[in-house]
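> Structure in structure tokens, see below.
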Amino acid sequence: MIRTIKLSDSDSQKVIDTALACLRRGGVVVFPSDTAYGLLADATNLQAVKTLTRFKDRPAGKPISVFVSDWKMLRELVKVDASQEATLRRLLPGPFTVILPSRRRVVSAIESQTGSLGVRLIRFPLINRLVKQYGQPLTATSANLSGSAPRYRIDTFVRRFPEKKQALIGLVVDAGPLPRRRPSTVIDLTGEKLQIIRQGDWQPASSKTYLSRSPGATKAIAKKLVDPFLARSSTGPVVFLVSGALGAGKTVFAQGVGEAVGVDNVVSPTFTVAYEYPVRHPLISRLIHFDLYHVRHHDELEHLGIKAALQPHHLLVFEWGEKGGDLLSVFQKQNSRLVYVEIQYVDGVTRKLSVSCRL
Amino acid sequence: MKILAIDTSADETASAVVEGRRILSNVLYSQIELHRPWGGIYPALAKRAHEQRIDAVVKKALDRGVGAGRSMTKQMGEIGAVAVTQGPGLAVALEVGIKTAKTLAQTYAKPVIAVNHLAGHLYSCFAQNRNGKPDFPLRFPYLGLIVSGGHTELVVMRDELKYEVVGQTRDDAAGEALDKAAKLMGLGYPGGPVIERLADSVGHQDQYRFPRPMLNARDLSFSFSGLKTAFYYFVKEMPASEKNRRLPHLLSSFQEAVFTVLIKKTQLALRRTKLTRLAVGGGVIANRHLRRYFRQLARQEGVELYFPYKSLTGDNAAMIGIAAGCLARHSRFVTDPAALDRVPRLAL
């Protein structure tokens, strides 16, 4: 019987404490992450890594990336030169795995044969807190056997294994079903040129960063961003996925998008989940503004009328876009033009807007 | 004329029978219990729940409003018109109410009245019980304030049909701001009542003096997103133990910031419009402390003040019926009910 604890907001520190104790004993912990459920083990503990590879049936020589808690830990594990640093600053923290020359601080079995190591500095507070408090890098491999699909829910998954396998898992932290997102995009920075090893949901190639020092500036950035996409709306909808903490300025951004097509009365749709606006614009006929703040369960996304809204000449803005992980495939089927916008606090007035779109 | 009213604009499935301003029945199938585990309106559940419950809720409204133990046909025989909320609200939820209203109207050959949900909140202030109490007459014009989870609007009500929005929120509604502050502190949904309790417990002190957004702006617009940001920043770096210890004071101060803006803007609107009657509706006015503030304001400005009964502060269908009664008096029926469609961002 595997020990399982359920995650709820109120006792997250207790969950972390339990996981820490298990990791210190060299145990393997099934833990939610930014992509799927992950298998966490101390990347500096040979026994722990062995247990992990036994569970995964991982062929020898296939590297495993690690979670780090911050830039400091990242630099302790891998070598970063100035040009790599510039690239990293654009990508991290984010849904990427970055491969860099290892400083040989971790168990060699998880490094590549050429001595490089995949590191992940993600935006997922629970993992960040756990790694920080543990003080050592933790393995960041998904909770599946080698060659099978990643796991987005844990209850059925665990019970499926033979007891011998189950015995290798020290603890399962159950956070319920996770949004279905593709694995991280893996980027190799060890060569002359940046190389994408595995394509996840995000693509760094066309990303741009803007700084905004006022709501007015955020709106202006939004307006500028929208324009070039409007012409492409004749073949499919234009969809902005806007993420960021509470109060970062997601609604302000949506207001800018609205103003770009002549809608000047956009307000927060949090309470009603979505607002539609008829648009008088040569290229756009409708603006639909969603707020997924209250949506927790991906089943429910089907009933919001999203599919019906994904039509040519429609402009859509989603707040808390990352919760729409499941929607990505829906967007693609409707030939949507996707633009990701992440708004981060820099200080009280300044915001960093990271904009990327799939090519 | 008795009106059967339906409201499914957000998370309440509601139906009522009213005659004039008299409420003969008012049935809510509150979905709050259903929503709480997810911390907010849960849209698909809301739609499904509306669909599952609407018929039963309407039947109950008729049973209580025109008498139980009779066939639906007999009950509908006493009804003069069917009123329904057209917007603003969640499109998929509004659709359920509109579809039901259309079907009823067609089956029993009744006219349809399309009502703006916000007008409903204003008319909730003028509701009477079954016996017609309180029996004050309507004396337009009024200054109306709607303050709820989805809306913060100042409205001049010239007469039964003519409204003019003189101020509204540029971003978040007041109730939404309170909900989000509660959520930031790890409290459940709805956040308003919890904040009220905690603020009561510390005597509504304002230790932290959060910013009062738009207070110095000369217009009547509201904005609460800046306050939300300030609050987020203030508690972000705070250790959990300290956050818990300071919880009542933090939320009391937050509530004071929101309420001060509501009161000051209303005061400005009263002075600008020179109106002498004030009606405040919407879920946030359930807060007793805010009611005290408005009473103070009314005394200070020498105006008459109207609130809804606490049971009519949240979304309900009785208020839709009362607003519909005014439209009916002016024969404002929907000319082509089959073509009636929801308008999610319907303005007053």
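> Positive end of the charge dipole of the protein assembly as shown (Lys, Arg +1 and Asp, Glu -1 on Cβ, about the Cα centre): tell me which of A:LEU230, A:LEU46, A:GLY170 has its Cα farthest that way.
A:LEU46
> Would you please give the FRET efficiency between A:GLU163 and B:TYR233, computed as 1/(1 + (r/R0)^6) with r the Cβ-Cβ distance and R0 = 60 Å, to the nearest 0.05?
Working: r = 50 Å, r/R0 = 0.84.
It comes out at approximately 0.75.
> Charges on Cβ only, +1 for Lys and Arg, -1 for Asp and Glu, centred on the Cα centroid of chain A; of A:VAL30, A:PHE253, A:ILE284, which one is farthest towards the dipole's positive end?
It is A:VAL30.
> Accessible area drop of at least 50 Å² (1.4 Å probe, protein heavy atoms): which residues of the stretch B:173-201 qualify, relative to the chain alone?
B:LYS180, B:LYS183
> Rounded to whole Å and sorted largest first, list the principal axis extents of the Cα atoms in the protein assembly as shown.
86, 55, 54
> Please state the relative contact order of the stretch B:142-307 as a whole percent: Cα pairs under 8 Å, 6+ residues apart?
Computed over the stretch B:142-307, the figure is 28 percent.
> Quick one: of the DSSP bridges fully inside the stretch B:142-307, what percent are antiparallel, nearest 5? Intermediate results must be reported in sequence, preceding the final value.
Values: 11 of 19 bridges.
Restricted to the stretch B:142-307, the bridges split so that about 60 percent are antiparallel.
> Now a separate question. Per-residue counts of other Cβ atoms within 10 Å, averaged by peptide: what ranking do you get for A:11-23, A:79-91, highest first? Before the final figure, lay out the partial values.
Values: A:11-23: 16.9, A:79-91: 13.8.
My ranking of the peptides, most packed first, is A:11-23, A:79-91.
> Compute the relative contact order of the stretch A:178-295 as a whole-number percentage, counting only Cα pairs closer than 8 Å that sit 6 or more residues apart in sequence.
RCO, the stretch A:178-295: 17 percent.
> Something else now. Sticking to Cα atoms, compute the Rg of chain A to one decimal and its Dmax as the biggest Cα-Cα distance, whole number, in Å.
21.4, 65
> Within the stretch B:164-246, report the GluC sites (Glu not before Pro) that DSSP leaves as loop and that have at most 15 other Cβ atoms within 10 Å. Spell out each step's value before the answer.
On the way: sites: B:GLU164, B:GLU176, B:GLU196, B:GLU237, B:GLU242; in loops: B:GLU237.
Qualifying residues, ordered by number: B:GLU237.
> Which residues of the stretch A:340-357 show a drop of at least 50 Å² in accessible area when all protein chains are present, compared with their chain alone (probe radius 1.4 Å, heavy atoms only, ligands and nucleic acids excluded)?
Residues passing the criterion (a loss of at least 50 Å², heavy atoms only) are A:TYR345.
> In the stretch A:4-198, what is the count of Lys pairs whose alpha carbons are under 19 Å apart, counting only pairs at least 8 residues apart or on separate chains?
Number of lysine pairs found: 9.
> In addition: What is the log10 of I(q)/I(0) for the stretch A:4-198, computed with the Debye formula using one identical point scatterer on each Cα and no solvent, at q = 0.19 Å⁻¹?
The computed values of log10 I(q)/I(0) come out as -1.41.
> Still on this structure, please answer the following. Within the accessible area of the protein assembly as shown, what % is carbon and sulfur when the probe is 1.4 Å and the other protein chains stay in place?
Reported share for carbon and sulfur atoms: 51 percent.
> Turning to a different aspect of this structure: Sorted by accessible area (1.4 Å probe), largest first, how do A:ARG103, B:ARG209, A:ARG337 line up?
Working: A:ARG103 95, B:ARG209 160, A:ARG337 75 Å².
Putting A:ARG103, B:ARG209, A:ARG337 in descending order of accessible area: B:ARG209, A:ARG103, A:ARG337.
> Treating only the Cβ atoms of Lys and Arg (+1) and Asp and Glu (-1) as charged, compute the dipole magnitude of the stretch B:47-201 about its Cα centre; round to the nearest 20 debye.
680 debye
> Starting from the Cα of A:ALA86, step 7 Å along the direction of its Cβ; do the same at B:ARG332; then give the gap between the two resulting points in nm.
Between A:ALA86 and B:ARG332, the simple spin-label model gives 6.3 nm.
> Okay, next question. Mind pulling the angle between the C-alpha long axis of helix A:46-56 and the longest principal axis of chain A? Nearest 10 degrees, somewhere in 0 to 90.
Once rounded, the angle reads 60 degrees.
> Under the rule a/c < 1.5 gives rounded, and otherwise a/b versus b/c splits prolate from oblate, where does the stretch B:142-307 land using the Cα gyration tensor?
It is prolate, given that a/c is not under 1.5 and a/b is the larger ratio.
> Here's something else I'd like to know. With heavy atoms of protein chains only and a 1.4 Å probe, what residues of the stretch B:75-107 have at least 30 Å² less accessible area in the full set of chains than alone?
Those residues are B:LEU90, B:VAL92.
> How would the stretch A:28-134 be classified by its alpha-carbon gyration tensor: rounded, prolate or oblate, with rounded meaning a/c under 1.5 and the a/b versus b/c comparison settling the rest?
Oblate.
> Please report, in debye to the nearest 20, how large the charge dipole of the stretch B:142-307 is about its Cα centre when each Lys and Arg carries +1 at its beta carbon and each Asp and Glu carries -1 there.
Numbers: 25 positive and 17 negative charges, 79 e Å.
With only Lys, Arg, Asp and Glu charged at Cβ, the dipole is about 380 debye.
> Compute the accessible area per residue over the protein assembly as shown, keeping the other protein chains in place, probe 1.4 Å, unit Å².
41 Å²
> Per residue of A:270-282, how many C-beta atoms from partner chains lie within 10 Å of its own C-beta, taken as a mean?
Per residue, the average neighbour count from other chains is 6.
> Provide the buried accessible surface between chains A and B in square angstrom, both chains summed, 1.4 Å probe, rounded to the nearest 100.
That pair hides around 2900 Å² of surface in total.
> For A:GLN332 paired with B:TYR309, estimate the spin-label separation in nm (one decimal), with each label point 7 Å from Cα along the Cα-to-Cβ line.
Those two pseudo-labels are separated by 5.6 nm.
> Rounded, prolate or oblate, given the Cα gyration tensor of the stretch A:1-73, with a/c below 1.5 counting as rounded?
Prolate, because a/c is 1.5 or more and a/b exceeds b/c.
> Oh, and also: Determine the relative contact order of chain A: mean sequence separation of Cα pairs under 8 Å and six or more apart, normalised by residue count, in whole percent.
That works out to 18 percent.
> Run lengths n ≥ 4 of DSSP H only: what is the helix-derived mean residue ellipticity at 222 nm for the protein assembly as shown, with -39500 (n - 2.57) per run over all residues, to the nearest 500?
After summing the helix terms and dividing by residue count, I get -11000 deg cm²/dmol.
> Here's a follow-up. Could you tell me the accessible area of B:MET1 in Å² (1.4 Å probe, neighbours in place), rounded to the nearest ten?
Probe radius 1.4 Å; accessible area of B:MET1 about 110 Å².
> Enumerate the whole-percent occupancy of each 10 Å bin, from 0 to the last occupied one, for all C-alpha pair distances of the stretch A:208-357.
In order of increasing distance, the bins hold 12, 46, 36, 6, 0 percent.
> Report, for the stretch A:208-357, the % of DSSP beta bridges that are antiparallel, rounded to 5.
In the stretch A:208-357, DSSP labels about 50 percent of beta bridges as antiparallel.
> By how many degrees, 0 to 90 and rounded to 10, does the Cα axis of helix A:215-230 deviate from the longest principal axis of chain A?
Roughly 80 degrees, rounded to the nearest 10.
> How shielded is A:223-236 by partner chains, expressed as the average number of their Cβ atoms within 10 Å of its Cβ atoms?
Averaged over the peptide's residues, the number is 0.
> Right, another one. Charges only on Cβ, +1 for Lys and Arg, -1 for Asp and Glu: so what's the dipole of the protein assembly as shown about the Cα centre, in debye to the nearest 20?
Charge dipole of the protein assembly as shown: 760 debye, to the nearest 20.
> With both bridge residues required to lie in the stretch A:4-198, what share of the DSSP beta bridges run antiparallel, to the nearest 5%?
Values: 17 of 28 bridges.
Approximately 60 percent, going by the DSSP bridge assignments.
The values are calculated or read from the model by the stated rules, or taken from the named source; none is laboratory data. Because the structure is predicted, anything quoted here is derived from the model rather than measured. Cβ: placed from backbone, ideal geometry, glycine included. Neighbour counts: every protein chain shown. The accessibility values were calculated without ligands, DNA or RNA, using every heavy atom of the protein model including side chains. Shrake-Rupley method; radii C 1.70, N 1.55, O 1.52, S 1.80 Å.
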